[in-house]
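Just so you know, all these numbers are worked out from the coordinates, no wet-lab data involved. Predicted, not measured: the structure shown is a model, and the values here were computed from it. Backbone-built Cβ (ideal geometry, glycine too); neighbour counts: all protein chains shown.
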Amino acid sequence: MAKVSRIEIYEKLDRIIIPEANVSLVKYKGIRGLEIDKDGNVDIRIEVPKQAEGKTDKIKKDVENAIKTVENVKSVNVTVSVNEKPYGTVEFKNLIPQVKFPILIGSGKGGVGKSTVSTNLAIALSRHGYKVGLLDADFYGPSIPMMFGIKKEPVVNEKEKLIPIEKHGVSVMSLGFLLEDDTPVIWRGPLLMKALNQFLEDVEWGNLDFLLIDLPPGTGDIQISLAQNVKVKGAIAVTTPQDVALLDVKKAISMFEKLNIPVMGVVENMSYFVCHNCGTKHYIFSGNEMDTGDKLGVPVLGRIPIDTSIREGGDRGLPVVVAYPDSDVSRAFMDTAKIIAGKSGL
Ligand SMILES: Nc1ncnc2c1ncn2[C@@H]1O[C@H](COP(=O)(O)OP(=O)(O)OP(=O)(O)O)[C@@H](O)[C@H]1O
Ligand SMILES: [Mg+2]
């Protein structure tokens, strides 16, 4: 059975304007739960502001009709509830108010190097003098603990908040710290969102300039939940320079745009390989330097080479920017971090 696209549902709902409040359902952040089973049965909970109190039947019908037009949808069940407060009076929830500039790091495809890029960029930003945190939001396969070489569990302070672990100048938090090795996390949509929000709220980040949020691959619940509960200032897409990867990262970029998150640009990872013997640049995936930015319509923030030191650093828990700070590879990360910092205005 082909899958129903969440993003397509969001796109359709973005076109529904809540009567009297003049705001789209998505922008109002009125989607409170969206479950899709494997047969294409959609169950959705919507919340509308006080202004639309008398219009819930119409909204319900509109939502139903809109979702029915999405490919592979078999049935739609809509529940509408009304918020006591009118639109315009509710400040949008921000679970991490102490962070000046939260950035989502996403990709379409898995394994393109999001976690590697997040790890090294976080350290590079801190080297540029910023206060930086890194949140591993890949609940299904947290890899940040290994990349940072962190084995200990975070402690809880007197306010019962988790204290991030400081390493290489970065405050790091990952669900992986709290899981036993090899424990699979098999949460589904709503439970996962709850866990993520709880997790965000329960961490004492302190005052940070940047919080990099390493996402799982794709365009799912975690991305959407974060966009609704954190004032995300920017998103960075990571891709390898191959047409197949670009197709996927395009979807990730369009999801960020749909969620009103400004896309800062793309980091091209495994861009090229520099031969250690002759110094020649080889463009392994693309043949020659690729116009990734043009193809995606967003700026290229940096190009990171493919290099054994990067993989080894990740496996050893000693990221390349720490292990070989003067290498060309580290310089690529430092330059990329500088561009990102420049774009943030901090
Ligand atoms: N530029 C690079 N040069 C060499 N190896 C790299 C590079 N970037 C990433 N790798 C290696 O590729 C593998 C996948 O990288 P990583 O885990 O960062 O990808 P990811 O996009 O986070 O994956 P997932 O989708 O599973 O979260 C790791 O073993 C990492 O060390
Ligand atoms: Mg990862």
Under 5 Å between amide H atoms, partner at least 5 residues away or on a different chain: which partners does Val274 have, H built in plane at 1.01 Å? His282, Ile306
So what's the angle, to the nearest 10 degrees on a 0 to 90 scale, between helix 328-344 and the longest Cα principal axis of the chain? 40
Run the numbers on segment 1-104 and let me know its relative contact order in percent, using alpha-carbon pairs under 8 Å that are six or more apart. 28
For Leu208, Leu247, Leu215, which order do you get if you count the other beta carbons within 10 Å of each Cβ and list the fewest first? Leu247, Leu208, Leu215
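For segment 6-82, what does the alpha-carbon gyration tensor say about shape, rounded, prolate or oblate, given a ≥ b ≥ c as the root eigenvalues, a/c under 1.5 as rounded, and a/b over b/c as prolate?
On the way: a/c = 2.03, a/b = 1.77, b/c = 1.14.
Taking the square roots of the gyration eigenvalues as a ≥ b ≥ c, segment 6-82 is prolate.
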List Ile284, Ile310 from most exposed to least, where exposure is judged by having the fewest other Cβ atoms within 10 Å. Ile284, Ile310
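Give me the percent of DSSP beta bridges within the chain that run antiparallel, rounded to the nearest 5.
The answer is about 25 percent antiparallel.
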With an 8 Å Cα cut-off and a minimum separation of 6 or more residues, compute the relative contact order for the chain in percent. 18
Rounded to the nearest 0.05, FRET efficiency between Lys338 and Asp57 (Cβ-Cβ, R0 45 Å) equals 0.25
Rounded to one decimal in nm, the spacing of the 7 Å Cα→Cβ label points at Asn288 and Lys68 is 5.3
Using helices alone, I'd like the mean residue ellipticity at 222 nm for the chain: each DSSP H run of four-plus residues gives -39500 (n - 2.57), total over residue count, nearest 500. -10000 deg cm²/dmol
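So how do 166-179, 233-246, 143-156 stack up, highest first, on mean other-Cβ count within 10 Å?
Highest to lowest by the protection proxy: 233-246, 166-179, 143-156.
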